[in-house]
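One structure is given here, and the rest of the page talks about it.
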Amino acid sequence: RMEAQDCVMLFTAVVAAGACPLGQRLSEPWPQPCTQNCSDPFDHSSWDSWLSSHVGSRVIKDGVRYATVNYGGDHSDLYAYLDALCSVDLSTLPQKEYFALMMNAYNAGAVRLIVEHCGEDCESISSVSPRWDRPIVVVGGRTASLDDIEHGAIRSDPKNPMSGTLVGAPVGHPFIEPNLFPVDPRLHVGVNCASRSCPDLHSEAFTGARVDEQLDTLMRAFLADETKGLACAGSTEMKVSKIIAAWYADDFRGQFCDLACFLREYGPEDLRCLTDSNVRISAFAYDWALNSAHAAGAVFALLIALVQ
């Protein structure tokens, strides 16, 4: 007999599919942003509304501080935003608006992944398979996975450094030509992988007008978090998120002399280890437990970490 939660997930999926159906993953590069006679700013208000009602307070569980996300309740605003993304003309968006929209699209897609394929009592995004390369959101008429958006659109490198595989879409960075100049490393606090150790899901939508201010604020807040962002382990050693120290280290080195230079630029001024030019950098263990208020405890998180 079908459980109540299964009924809700099935109904949600049917409603979503009827509104803007997912097709085959995109088979052509993302269009370049607009440079003249561009459209007005995209309307992110429905995503803003979902975030304001579903992103909650910050808590500490199993030693990691994170902003809680409620994956239950009313998702009409989420699907309204996904519908809007479906029909947007990407070629009319200027660079900053394009960047903001793509990060919002990734986050809305990650939420949809949990809502439709994992459920309110989900323990980790790692429970969903496939996850990174599953078709999950339609942007400008192109069905895309989270990998397609992050690596094929937001970053200039089509290779996923976590898996070592190329994304299924042709490379086509939306606002920086590949190899022209380095990717903006702040994007990594803009996209949220629905996990505790990930930078917190921002409680408001990114917009083209404010995206630089928003990302600066989020990066400084993430590096001020000594449970998952940055912490000194003595005066000559620091622990940093695995996103920065391992998986995407090259993204953070691109515009700076080295990784330590980036951390000194955005990290707290009062951390002693940041002043040592010979500081040793290691990574925090990554907690893949879902960033909800009731997600799995330390035992499950440890099991997930062991298979990463």
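Brief remarks follow.
- Annotation: of all residues in the stretch 190-229 being hydroxyl-bearing (Ser, Thr, Tyr) and over 22 Å from residue 112 (Cβ atoms), the one that is least open to solvent (accessible area, probe 1.4 Å) is 227.
- From the list 98, 81, the one residue that fits, being open to solvent by less than 10 Å² (accessible area, probe 1.4 Å), modelled with pLDDT of 95 or more and either more than 20 Å from the chain's Cα centre (by Cα) or not basic (Lys, Arg) (or both), is 81.
- Of all residues in the stretch 246-291, those satisfying the criterion of being open to solvent by less than 20 Å² (accessible area, probe 1.4 Å) and hydroxyl-bearing (Ser, Thr, Tyr) are 248, 286.
- Any hit, the stretch 223-236, residues being under 23 Å from residue 109 (Cα atoms) and modelled with pLDDT of 95 or more: no
- Filtering the stretch 274-294 to residues that are farther than 30 Å from residue 72 by Cα and either modelled with pLDDT under 80 or aliphatic (A, V, I, L, M) (or both) leaves 274, 275, 276, 277, 278, 279, 281, 283.
- Residue within the stretch 104-116 that is crowded, with 22+ Cβ neighbours inside 10 Å, in contact (Cβ under 8 Å) with a residue 24 or more places away in the chain and over 17 Å from residue 194 (Cα atoms) present: no
Yes/no matrix, rows are residues, columns are (1) part of a strand (DSSP E or B); (2) surrounded by 15 or more Cβ atoms within 10 Å (Cβ to Cβ); (3) touching a residue at least 24 places away in the same chain (Cβ under 8 Å); (4) of a type in the set (Gly, Ala, Ser):
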residue: 28; (1), (2), (3), (4): no, no, yes, no
residue: 32; (1), (2), (3), (4): no, yes, yes, no
residue: 36; (1), (2), (3), (4): no, no, no, no
residue: 43; (1), (2), (3), (4): no, no, yes, no
residue: 48; (1), (2), (3), (4): no, yes, yes, no
residue: 51; (1), (2), (3), (4): no, yes, yes, no
residue: 57; (1), (2), (3), (4): yes, no, no, yes
residue: 60; (1), (2), (3), (4): yes, no, yes, no
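- Complete set of residues in the stretch 108-151 that are of a type outside the set (Asp, Glu), modelled with pLDDT under 90 and part of a helix (DSSP H, G or I): 149, 151
The values are calculated or read from the model by the stated rules, or taken from the named source; none is laboratory data. These numbers were taken from a predicted model, which means no experiment stands behind them. With ideal geometry, Cβ positions are generated from the backbone for all residues, glycine too; neighbour counts draw on all protein chains shown. We work out accessible area using only protein heavy atoms, side chains counted, and drop any ligands, DNA or RNA first. Shrake-Rupley method; radii C 1.70, N 1.55, O 1.52, S 1.80 Å.
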